[in-house]
Amino acid sequence: MPRPFYITTPIYYVNDAPHIGHAYTTVTADALARWHRLLGDDVLFLTGTDEHGLKVARTAEANGLTPQEQADRTSARFAEAWQELDISYDDFIRTTEPRHHRAVQALLQRAHDNGYVEQGTYSGLYCVACEAYYNEADLNDGNCPIHGRPVELFEEDNYFFKLSHFTQPLLDWLGEHPDAIQPESKRNEAIGLIRQGLEDVSITRTSLTWGVPVPWDRDHVFYVWYDALINYATAAGYGSDPEGFDKWWPRVHHLIGKDILRFHCVYWPAMLMAAGELPPHRVYVHGFLMVGGEKMSKTGLNQIAPTDLVRDFGVDGFRHHFLRDVHFGPDGDFSYEGMIARYNADLANNLGNLLSRVATIVTRRCGGIGPAPAAESPLADLARTAFQAAAEAWEAVQPSEALEATWRLIRDTNAYLETNEPWKLEPGPALDAIMGDALEVLRIVAVLATPAMPATCAELWRRIGMPGNPDEQRLPGAAAWGGYPGGLAVEKGQPLFPRMASPETKTSG
Ligand code: MSP
C-alpha cells in the first residue's frame with residue numbers, strides 16, 4: 001500500500017498579490033510533493049487562498065469591489081502564478097467555498113459541544129494587517145511588531161475558545177512528539193509561548209459579516225484565523241468524507257513562515273484537540289525572504305512578483321534558485337546578482353556543460369547513439385552517494401542540501417570527463433565506456449533534479465533518448481546504476497540554459 005503523504009502551504013490572503021515570499025513556500029512544498037510522488041507515496045498537495053476577514057473586506061472597499069469580487073480576482077492571480085511556476089497542487093482551496101463553511105461549522109460546533117467555547121466580552125488592541133489582537137507588552141512603540149503599523153482598540157461581544165485549558169495537553173504532545181515542530185529552535189519557541197501561559201482567545205466577531213457564520217449564534221461570524229486554519233481539515237474531507245479524513249489525518253506536513261508559528265503550533269493543535277482530533281504530524285517553519293535586509297511588504301514597496309524573475313531566468317531557473325540558495329529555516333536574503341551567479345554556476349555551467357559535452361561527443365564520435373554504461377564505474381559510487389544524501393535531505397525538508405548533493409555528482413562527472421578527455425579518444429570501447437557512464441549520470445540527475453526543475457529534466461531525459469518522463473519514475477529503483485539501456489538516439493539541441501550576463505556587463509555592453 002502506498003503511504004499517504006499530505007503536504008500543505010499556508011493559504012494566502014487575497015488582499016495582496018503573489019510575491020516571491022509566497023512563491024518560496026509554494027515551490028518548496030511542490031518540490032517535496034514531487035519527491036514523494038517519485039517515492040511512490042500517495043500524495044495530497046494542498047494550497048489555496050484565505051478570503052474572509054476585516055483586511056479583505058477593507059481592501060475590497062478601497063478598490064471599489066465587493067469582498068467576493070476582491071477574493072475572486074486575487075485568488076485567480078495566485079492560481080495563475082502557481083500555474084506559471086509549474087506547481088503541481090492536487091487541490092486549491094478557497095475559504096469561501098461551501099465545503100469549507102461546512103467543515104468550519106462542524107469542527108467548531110464539536111469544540112463548542114465538548115465545552116471548550118464560551119461567551120464573553122472582549123476588548124483589545126487589534127492589528128488589522130495581522131487579523132490579531134496584541135498585548136500591550138508585545139507592541140513596538142505602540143505599533144504592531146510585525147507590520148510596524150498602529151493597532152486599534154476594539155471591543156465586542158464574542159465567543160471565546162478555552163485555549164488556557166490546553167497548556168498541559170500541548171506540552172504533553174510536544175514532549176511525546178519531539179519532531180512535530182521543526183527546526184528545533186522553532187519547537188523551543190512554541191514551547192516558550194505555551195509555558196508563558198495561554199489565555200482564552202476570542203474566536204468570533206459581530207463587527208463584520210464577511211466570514212463563516214457561527215452555527216449556534218447567527219449574529220456572529222468566526223474570526224478569520226479560526227476559519228482559515230481549518231482549511232487543512234476541509235481538504236482532507238472533514239465534515240464531508242470521513243474515510244478520506246481518516247486516510248489523510250493526522251499525516252499532514254504543514255509548511256509555514258515564522259510569522260504564523262503561534263497559530264499553527266499553538267492554536268491549531270489545541271483546536272483539533274478540542275474537537276477530539278489529533279494534532280498535525282509535522283509543522284516545518286521557515287524564515288523570511290529579505291530584500292535589501294528587509295522583509296518584503298506591501299507598505300515597504302519592495303515586493304517582487306515571481307513573473308518578473310521568470311522572465312529573466314525561466315521557470316526552472318526561478319525554482320532552482322529558491323530551492324538551492326535559500327536554506328530552509330533561517331531568514332534568507334534575496335539578491336538579483338546572487339540569482340545570476342547561481343544560474344550561471346549550476347545551470348549554464350555545470351549541468352548545461354555536462355549535457356552539451358556528452359551530446360556533442362556522442363553525436364560526433366558515437367554516430368549519435370548513446371552507449372550503455374559499464375556495470376562497474378567510478379561514477380556508480382558517486383551516484384549512489386548522491387541519491388542517499390538527496391533522499392535524506394528531502395526527508396529532513398532541506399531542499400538546498402538535496403540539490404547540492406545532486407550538483408556534486410554533476411561536478412564530479414565533469415571532472416571525470418576532464419581527467420579522461422574522451423574528446424581525444426577515437427571511436428571504440430574505451431570511448432563508449434566513458435560516454436555510457438556519463439549518460440547514465442545524466443539519466444540519474446534527471447530523476448533526482450525533477451522535483452526542482454520538472455520541465456528541464458523532462459527535456460534532458462528526452463535528449464538522451466529515454467522514453468517517458470523522469471517524473472513517472474520510481475525511487476529507489478530509478479536511481480540504481482545501470483538504468484540507461486544504451487542504443488538510444490541522443491540529441492544535441494540548443495543550450496538548456498544560455499549564460500546570463502551580470503547586470504554591470506549588461507549596462508556597459
Ligand atoms: N492567510 C494567512 C495564513 C493562513 S494559513 C491557515 C497568511 N497569509 S499571507 O498571505 O500573509 O502569507 C503567509 C505565508 O506566505 C507565510 O507564512 C510564508 O509562508 C509566506 N511568506 C509571505 N511573505 C514572506 C517572506 N517575505 N518570506 C518568506 N515567506 C513569506 O499569513
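Data for the structure
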item	result
Any pair with Cβ under 9 angstrom, 6 or more apart, that starts in region 175-197 at a residue that is in the same structural domain as HIS254 (by TED's automatic domain parsing) and surrounded by 19 or more Cβ atoms within 10 Å (Cβ to Cβ) and ends at one that is in a strand (DSSP E or B) and among the small types (Gly, Ala, Ser)	none
Region 220-246, residues that are within 16 Å of the ligand (Cβ to nearest atom), of a type in the set (Phe, Trp, Tyr) and in a helix (DSSP H, G or I)	TRP225, TYR226, TYR232
Residue pairs meeting the criteria (Cβ under 8 Å; at least 6 apart or on separate chains; first on the phi < 0 side of the Ramachandran plot, in region 262-287; second away from the ligand (no atom under 13 Å from the Cβ) and of a type in the set (S, T, N, Q))	ALA274/ASN114; ALA275/ASN114; ARG282/GLN182; VAL283/GLN182; TYR284/GLN182; VAL285/GLN182
Residue in region 320-334 that is buried (at least 18 other Cβ atoms within 10 Å of the Cβ) and assigned to a strand (DSSP E or B) present	yes
Unique residue being closer than 21 Å to PHE288 by Cα and among the polar types (S, T, N, Q) when the list is SER356, SER335, SER377	SER335
Only one of ALA396, ALA415, ALA374 that is closer than 30 Å to GLU184 by Cβ and not hydroxyl-bearing (Ser, Thr, Tyr)	ALA396
Complete set of residues in region 237-255 that are within 18 Å of the chain's Cα centre (by Cα) and either closer than 17 Å to ALA106 by Cβ or among the basic types (Lys, Arg) (or both)	ARG251
Matching residues, region 20-58, being in a loop (DSSP other than H, G, I, E, B) and at pLDDT below 95	GLY53
Condition check for VAL212: closer than 16 Å to ILE93 by Cβ and either touching a strand residue (DSSP E or B) at 6+ places or on another chain (Cβ under 7 Å) or more than 16 Å from the ligand (Cβ to nearest atom) (or both)	yes
Residues that are under 30 Å from VAL310 (Cα atoms) and of a type in the set (Asp, Glu), drawn from region 85-106	ASP86, ASP90, ASP91
Which listed residue is over 18 Å from HIS321 (Cβ atoms) and touching a residue at least 40 places away in the same chain (Cβ under 8 Å), from GLY482, GLY428, GLY468, GLY477	GLY482
Breaking point among (1) part of a strand (DSSP E or B); (2) without any contact (Cβ under 8 Å) to a residue 24 or more places away in the chain; (3) not basic (Lys, Arg), for GLU156	(2)
Tabulated pairs, region 324-345, first assigned by TED's automatic domain parsing to the domain that holds GLU404 and over 19 Å from ILE256 (Cβ atoms), second among the acidic types (Asp, Glu) and away from the ligand (no atom under 14 Å from the Cβ), C-beta under 7 angstrom, 6+ apart or interchain	ARG324/ASP346
Test set (1) touching a strand residue (DSSP E or B) at 6+ places or on another chain (Cβ under 7 Å); (2) surrounded by fewer than 23 Cβ atoms within 10 Å (Cβ to Cβ); (3) not acidic (Asp, Glu) - LEU255 fails condition number	(2)
Selected residue (only one of THR419, THR456, THR450, THR406 is β-branched (Val, Ile, Thr), at negative phi and not in a helix (DSSP H, G or I))	THR450
Only listed residue being closer than 30 Å to ARG474 by Cβ, free of Cβ contacts under 8 Å to residues at least 40 places away in the same chain, not assigned by TED's automatic domain parsing to the domain that holds LEU323 and not aliphatic (A, V, I, L, M), chosen from ASP72, ASP41, ASP86	ASP41
Residue among ASP30, ASP50, ASP16 that alone is in the same structural domain as GLU131 (by TED's automatic domain parsing), away from the ligand (no atom under 11 Å from the Cβ) and of a type in the set (D, E, K, R)	ASP30
Region 287-341 - residue that is within 16 Å of the ligand (Cβ to nearest atom) and among the polar types (S, T, N, Q) and, of those, farthest from ALA79 (Cα to Cα)	SER335
Number of the exception - ALA190 against (1) touching a helix residue (DSSP H, G or I) at 6+ places or on another chain (Cβ under 8 Å); (2) within 30 Å of ALA57 (Cα to Cα); (3) part of a helix (DSSP H, G or I)	(2)
Boolean, ALA438 is at pLDDT below 95 and either loosely packed, with under 13 Cβ neighbours inside 10 Å or not in a strand (DSSP E or B) (or both)	no
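The values are calculated or read from the model by the stated rules, or taken from the named source; none is laboratory data. These numbers come from a predicted model, not from an experiment. Quick reminder, even Gly has a Cβ in these numbers, built from the backbone with ideal geometry, and neighbours come from all protein chains shown.
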